[in-house]
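Written below as structure tokens is the structure these notes are about.
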Amino acid sequence: MIQHSGVAVSPGIARGKAYVYKKHTSTAEHITIGAADVAAQIALYEQASQKAREELQAMEGGTQEQEEILRTHISFLMDEDMIEEIRTEITQNHKCAEWAVETVYGQVIDMLDASPDPVFKERIADFADVRDQLLKELRGERSTGLEALSEPVILVAKELLPSDTISMDPAKILGIVTERGGVTAHMAVIARSLAIPAVAGISGVDEAITSGTELIVDGQTGTVYSQPDPAILEEYRKKAQAFDRQRQIEKEYLPKPACTADGVRIETKVNLGSADEWELAAAACSDGVGLFRSEFLYMNNDHLPTEEEQFTAYKAALEALAPRPVTLRTMDIGADKQLPYLPLPHEENPALGMRALRLCFAKPDVFRTQLRAACRAAVYGNLQVMFPMVSSVTDVIRAKQLLAEVAKELADEGIPFRADFPVGVMVEVPSLALMASQIAKQAAFASIGTNDLVQYLLAADRDNPDMAAYYQSFHPAVFQAIRMIIEGFSAQGKPVSVCGELGSDPRSVPILLGLGLRTLSISPARLGEIKYRIAGMTMAQMEQMAQDILAMGSQEEVVAYLEKQPHQADCKEQTAGRCDNV
Ligand code: PEP
Ligand code: MG
């Protein structure tokens, strides 16, 4: 038996025979063509592009995530600018079609690669994939073969490109193991959407494992066993059963309102990263949207989104969710979220610099456009607005002043709008925790952004892997800060929620509720699991946990304490929340 350790990217346990997938790749031919061949090469390119498009269209009908990838790839093929550039490479630079395609896609890939933003880097795989599809069509090569698998296998590969994950038949894929890719890679997103256990980050895996080898893939711990021994086989048979049982329970809890075992109703909202239909559908079993990340409109664009573009997206979300609330977070750009079309001056410490609300103040026209779109969209549903990176009472007053000015402008123009919606703050900067009751006088609600709060509280860069050991979400100081925020806002009768990742972690949920939170905004994928977790304990138990943790001095102590708590997956007969108090 050989044990390989990687990164768990899609939960579940798979057992089966390996199929090692090696993709044939070759570089484009570089032929300088004569003027007489230009028309023929352009025709070749156009036919290849048409063929690639038809192949992608023929794959439609998969999961929402697969459809999303297909739409993106088709849009690349139809991108007017890229088409024009490829034609120019052929007509003016006399490159053959293969070379022209390679050049233009290569330029885009180099540009994305130079970006410091990981979101842009993730697009590289898509462009490389479409380029390879075009080259394949230009050479008249046949497709890669994943769609022709005859029996269910565990797919082992150096890397799976988006087109691989789309073309594979999910019924034939028991599990996935790769060298490249992480939790946010396409492969991982698709694997999770298809409930296929997957592990990435195992270096040289496509050489170390041969097709036909018996494997176990543990998508919980990131471990892969090659030729497992009988003891491991037995252990995993039991683990797989427990996992299936847990999945079933989560499915049952998903549509129910979240309640503690003693019937206290907890609002479970979701965090959304777009207004796409499938994202909105993910909110169906929630109590609304607690974090609508409006930055997607800025990041997935090559220009600042216009008022109309924003209005359309906000209206779609509000109408889809009404009467449930949608909490729009205003532009959170800067630091880790850069826009190539809006270059910002170089800063030594961008996380402590021109970002989010600060950038909005520096570019009031950009901010006003967003506020106008929000006020206009507010007519169509239950809108709430919150500002990110607030660090003082002055920030809130200034932002609300701009909102009031925009409302007056719309009234003067006779444009339908509403500006009477709740306006809150994200608590990400520790100063707000220390003076929560003063902030609460100016804000209708608080939503705690623990991802940034932890970074600023513990002075540990959230994006620097070398600082991961210092970035401690379970540090007692984090819970102390949350307690202060809840106390300060409760004193003013104002609600508090958590929208950072800590709220989506089943281990921290009882602590957060024990500290007094009654609203969480979490990743949609976690809804069933978190509702189940909430139903497993009484409020008194959660309060006791919170008290115990507040007395601790280190993350190690907190984690050790949590590990000793009875795990809910094992207490089958737990009292399901009945929401008696609702
Ligand atoms: C946060 O900081 O917790 C948050 C939700 O915002 P983001 O992760 O987008 O910075
Ligand atoms: Mg943040």
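The values are calculated or read from the model by the stated rules, or taken from the named source; none is laboratory data. All values reported here derive from a predicted model rather than from experimental measurement. For neighbour counting, all protein chains shown are included, and Cβ atoms are generated from backbone atoms with ideal geometry for every residue, glycine included. These area figures cover heavy atoms from the full protein model, side chains too; ligands, DNA and RNA do not enter into them. Shrake-Rupley method; radii C 1.70, N 1.55, O 1.52, S 1.80 Å.
Annotations
- Inter-site label distance for residue 42 and residue 171 at 7 Å from Cα along Cβ, in nm: 4.6 nm
- Since only 550, 326, 425 are under comparison, the one whose Cα sits farthest along the positive direction of the charge dipole of the chain, derived from C-beta charges on Lys, Arg, Asp and Glu, is 550.
- For the stretch 35-139: relative contact order, % (alpha-carbon pairs under 8 angstrom, 6 or more apart): 34 percent
- For the stretch 106-205, the relative contact order works out to 22 percent when only alpha carbon pairs closer than 8 Å and six or more residues apart are counted.
- Using the Cβ-Cβ distance between residue 247 and residue 507 with R0 = 30 Å, the FRET efficiency computed as 1/(1 + (r/R0)^6) comes to roughly 0.95.
- Max-minus-min Cα coordinates of the chain on each principal axis give 79, 72, 43 Å, with the largest extent listed first.
- Here the spin labels are modelled as points 7 Å beyond Cα on the Cα-Cβ line, and at residue 227 and residue 562 they lie 3.9 nm apart.
- Model label sites at residue 71 and residue 554, defined 7 Å from Cα along the beta-carbon direction, differ in position by 4.9 nm.
- Cα gyration tensor category, rounded, prolate or oblate, for the stretch 35-139 with a/c compared to 1.5: oblate
- A 1.4 Å probe, protein heavy atoms only, puts the accessible area of residue 30 near 110 Å².
- Helix-only CD estimate at 222 nm, as mean residue ellipticity for the chain, using -39500 (n - 2.57) per DSSP H run (n ≥ 4): -14000 deg cm²/dmol
- One chain, two ends: residue 352 and residue 451. Fully extended at 0.36 nm per residue, the span grows by 34.2 nm beyond their Cα-Cα distance.
- Gyration tensor verdict on the stretch 98-186 (Cα atoms; rounded if a/c is under 1.5, prolate if a/b is larger than b/c, oblate otherwise): oblate
- Relative packing of peptides 558-564, 290-296 - highest average C-beta neighbours within 10 Å first: 290-296, 558-564
- Share of carbon and sulfur in the accessible heavy-atom surface of the chain [1.4 Å probe, %]: 52 percent
- Extension gain for residue 463 to residue 397 (0.36 nm times residue separation, less C-alpha to C-alpha distance): 20.7 nm.
- For the chain, the per residue solvent-accessible surface stands at 44 Å², with DNA, RNA and ligands left out and a 1.4 Å probe.
- Our summary gives the chain a relative contact order of 15 percent, counting only alpha carbon pairs under 8 angstrom and 6 or more residues apart.
- Segments 254-262, 497-505 sorted - mean Cβ within 10 Å per residue, highest first: 497-505, 254-262
- Here the gap between residue 83 and residue 309, fully extended at 0.36 nm per residue and compared with their Cα-Cα distance, gives a gain of 78.8 nm.
- The charge dipole of the chain, taken about the Cα centre with unit charges on the Cβ atoms of Lys, Arg (+1) and Asp, Glu (-1), comes to about 1940 debye, rounded to the nearest 20.
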